[in-house]
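These notes are about the structure you will find just below.
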Amino acid sequence: MKIKIDLNGIKSIDIENGTTALDILNSLNTQENKRPLAAIFNDSLIDLSLPIENGGVLHPLTFGDEEGRMVYWHSTSHIMAQAVQRLFPDVKLAIGPAISDGFYYDFFSEKPFSLEDLKNIEKEMKRIIKDDQSFERIDKTKEEAVAQFTERNEKFKLELLDELEGKVSLYKSSEFIDLCRGPHVPSTGYIGAYKLLSVSGSYWRGDEKRENLQRIYGVSFETKEELESYLKKLEEAKERDHRKIGKELDLFSINENSGVGLILWHPKGATIRRIVEDFWKVEHLKHGYELVITPHIAKAGLWRTSGHYDYYLENMYIIKKENEEYVLKPMNCPGHILIYKSKIHSYRDLPVRYAELGTVVRDELSGVLHGLLRTREFTIDDAHIFCTEEQIDDEILGVLKFARKITKIFGFHKLAYELSVREPECKDKYAGCDEDWKKAELSLIKALETENLEYKRMEGEAVFYGPKIDIQMYDSLGRKWQGPTIQFDFNLPGRFGVTYVGKDGNPHNVFIVHRTVLGSIERFIGSLIEHYKGDFPVWLAPVQVRIMTITDKLIDYAEHINETLKSHNIRTEIDKRNEKINLKIREAEKEKIPYMGIIGEREERENTISLRERHRKDRGSITTADLVTEIQEKSNIKIQ
RNA sequence: GUCCACGUAGCUCAGUAGGUAGAGCACAUCCUUGGUAAGGAUGAGGUCACCGGUUCAAUCCCGGUCGUGGGCUCCA
């Protein structure tokens, strides 16, 4: 019997019923040099070995497809697990999924794996790949699978099975058998190049009360070249690490004497921060926000009203003073609400937009602290919008546009959007009424659609108090950073009784929208450091110009130039040491200073500066006035 | 908080199979006044993270504490 297969929506062919997906794809003999790894048939992921019955749409998956890569990595993780069990027969299997950049497998092992072990595991993997074992799918009933894993003494697999119903699938390659949904690449020989990257601890099911597991991370590619280029990218990321650059460029430090997770901003780091914050304030004032300031500590009662005292207690620093208890603020919202509530608002007053660079303190677990990215004290570029129901569409759209504008100015041109909504089944675990959630969600969608933005809908990812849009920024290495967030809050208005007086003279509930553009100033500057690799555009560079003398005789003239630049608000400094010009240039280059003004006898005579620009080398002579103009222009455009 | 690894000069890192340490850069002084990525000499700098234990002797071995890194968990 012949059946009809629609290939990838491109062409349609008739084939014998029961032909495998692999044979179908092979028979095509396409010019594309892309090897299929698995396929999607009528919307489900399948192995290429699956005989196709009945017609439908067949879509091959290659390493170029995200799903294809996931299959590839997942198969590699099986190979690794097989190698581990050959070398360490007592090791028990937990789980081994593909992740966004490779794969891992969690094992239960009495002894932790060493780097030496990883090398041996890699060697064993090589054998398995060379043997080109096929990945064989075996469908079993749950009972059969339980029997099988009982025999193999795989208690974690049994626990997983316990939660499954009906038929389950196992994958077998040679002696190795794993409980697995699949699909897999046809055989182990498909794996071209791989590397085990690190070993670390984890918990069974992420639960710290459960067994401690050993997790091995790895990655694989079809060719050695791709693997090498990936490893190079990892090296590159290491080179960009904001902690390394922060030290090299003398931007900030963390000192255990003052406390871990607390940032000491050195002059240059503080300068960058000041520029970011000044810019932030000016932009917010332009966009209809009012700047407010709220105290760093507040009485415990405020946090009881807000609910933080009950639900956020373990993250809060509490200060006890005589009979009064104070809390170091972990969030800015309650303060802003108190300002709003300090008077009665008419509908005519709305929307009210309060913005603050609000420094908050949260007792984060010591293990998560990470440079500027995870700290215990950080400054949120926070704002709360108080508005009526009719205003939410305009407000959300306004925030979205504003957030996009600001992130682009800082050089993040590629953004991704996520809409987090409620879990549809259990609506009762959320604050706020059904109607408000619907309105808010629609409003968020409308804004995204008005701006023609693609977004990913995240079912059940909303926090309990409201739906939100999260914006991710891609940096110059293509890595994602958490950027702006726009979030409805259906919890605090009720707790604090936040209202406005409507046309009818009665109080009405306000909508509160919590939003941040940069997230935290600390983290944002961390992302800027890595994005620019410390090589900041002129408007952000802590030092824009360094004036350097060729000989001691030129110090007076150099100082004059330096002062002139300073009087035009240019961030300049002078290197008048008794050193050769080559050394001074080398150091300025290493410090990534965008402009070097070299001062010799000729310049003094002609009243100019010899300008060297980073990345452009010697630009010849220029007058001070021209340099001032150039820097001011670059600072105003804020792009480079 | 937790698992594993690590902690030597301001920085980057050697080293000691247990006998109290070394380089480069940075810093200081002197020589050199040199035109677009490292001129030379001399010198100063360390309770080898901290606290205990074993030992005639510990920076090295053992235990604990603190910190750092990669994870887990959490999250801006």
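The values are calculated or read from the model by the stated rules, or taken from the named source; none is laboratory data. Quick caveat, the model's predicted, so the values are computed rather than measured. Cβ placement follows ideal geometry from the backbone for every residue including glycine, while neighbour counts extend to all protein chains displayed. Surface areas here come from the heavy atoms of the whole protein model, side chains and all, with no ligands, DNA or RNA. Shrake-Rupley method; radii C 1.70, N 1.55, O 1.52, S 1.80 Å.
When residues in segment A:476-508 are screened for being among the acidic types (D, E) and open to solvent by less than 40 Å² (accessible area, probe 1.4 Å), 1 of them pass. Scan segment A:170-210 for residues that are more than 29 Å from the chain's Cα centre (by Cα), of a type in the set (S, T, N, Q) and buried (at least 16 other Cβ atoms within 10 Å of the Cβ) and jot them down. Across segment A:170-210, the qualifying residues are A:S173, A:S187, A:T188.
Look at (1) touching a helix residue (DSSP H, G or I) at 6+ places or on another chain (Cβ under 9 Å); (2) open to solvent by less than 30 Å² (accessible area, probe 1.4 Å); (3) closer than 30 Å to A:S476 by Cβ and you find that A:A403 fails only one, number (1).
Is there a residue in segment A:417-431 that is open to solvent by 30 Å² or more (accessible area, probe 1.4 Å) and under 30 Å from A:I529 (Cα atoms)? Yes: segment A:417-431 contains one or more residues that are open to solvent by 30 Å² or more (accessible area, probe 1.4 Å) and under 30 Å from A:I529 (Cα atoms).
Residue under question is A:D90, and the condition is that it be within 26 Å of A:L227 (Cα to Cα) and modelled with pLDDT of 80 or more; does it hold? When the stated conditions are applied, A:D90 does not pass them. Does A:S75 qualify as being of a type outside the set (A, V, I, L, M, F, W, C) and touching a His at 6+ places or on another chain (Cβ under 6 Å)? Here the answer is yes, as A:S75 does meet what is asked. Among residues belonging to segment A:23-43 that are among the small types (G, A, S) and modelled with pLDDT of 80 or more, point out the one that is surrounded by the most Cβ atoms within 10 Å (Cβ to Cβ). Residue satisfying both the conditions and the ranking: A:A38. Screening A:G96 on (1) in a loop (DSSP other than H, G, I, E, B); (2) surrounded by fewer than 16 Cβ atoms within 10 Å (Cβ to Cβ) shows it passes everything except condition (2).
Taking the criterion of being part of a helix (DSSP H, G or I) and among the hydrophobic types (A, V, I, L, M, F, W, C), the residues of segment A:203-249 that qualify are A:W204, A:L227, A:L231, A:L234, A:A237, A:I245.
Before we move on, is A:E377 in the same structural domain as A:L262 (by TED's automatic domain parsing), open to solvent by 60 Å² or more (accessible area, probe 1.4 Å), charged (D, E, K, R) and touching a residue at least 24 places away in the same chain (Cβ under 8 Å)?
Yes, satisfied.
The one condition from (1) crowded, with 21+ Cβ neighbours inside 10 Å; (2) touching a Gly at 6+ places or on another chain (Cβ under 7 Å) that A:F113 does not meet is (2). Under 9 Å between Cβ atoms, which residue pairs at least 6 apart in sequence (or on different chains) link something in segment A:271-289 that is more than 22 Å from A:H336 (Cβ to Cβ) with a partner that is of a type in the set (V, I, T) and in a helix (DSSP H, G or I)? Close Cβ pairs (under 9 Å, with a partner that is of a type in the set (V, I, T) and in a helix (DSSP H, G or I)) amount to A:I272/A:I525; A:I272/A:I529; A:R273/A:I521; A:R273/A:I525. Annotation for segment A:377-386: no member residue is not hydrophobic (A, V, I, L, M, F, W, C) and not in a strand (DSSP E or B). Here's a check for you: in segment A:509-542, which residue that is assigned to a helix (DSSP H, G or I) and among the hydroxyl-bearing types (S, T, Y) is least open to solvent (accessible area, probe 1.4 Å)? Looking at residues that are assigned to a helix (DSSP H, G or I) and among the hydroxyl-bearing types (S, T, Y), I get A:S527.
Would you mind listing the strands (runs of 3 or more DSSP E) fully within segment A:466-506 where at least 1 residues are in contact (Cβ under 8 Å) with a residue 40 or more places away in the chain and over 16 Å from A:T388 (Cα atoms)?
Values: elements: A:468-474, A:480-489, A:499-501.
Here the list reads A:468-474, A:480-489.
Please go through segment A:250-272 and pick out each residue that is in a helix (DSSP H, G or I), within 16 Å of RNA strand B (Cβ to nearest atom) and open to solvent by less than 40 Å² (accessible area, probe 1.4 Å). Matches in segment A:250-272: A:G269 only. Scanning segment A:296-305 finds one or more residues that are closer than 26 Å to A:R495 by Cβ, part of a helix (DSSP H, G or I), open to solvent by 60 Å² or more (accessible area, probe 1.4 Å) and not acidic (D, E). Residues satisfying the criterion are present in segment A:217-226 (criterion: within 14 Å of RNA strand B (Cβ to nearest atom), within 26 Å of A:A81 (Cβ to Cβ) and either over 22 Å from the mean Cα position of the chain (by Cα) or open to solvent by 20 Å² or more (accessible area, probe 1.4 Å) (or both)).
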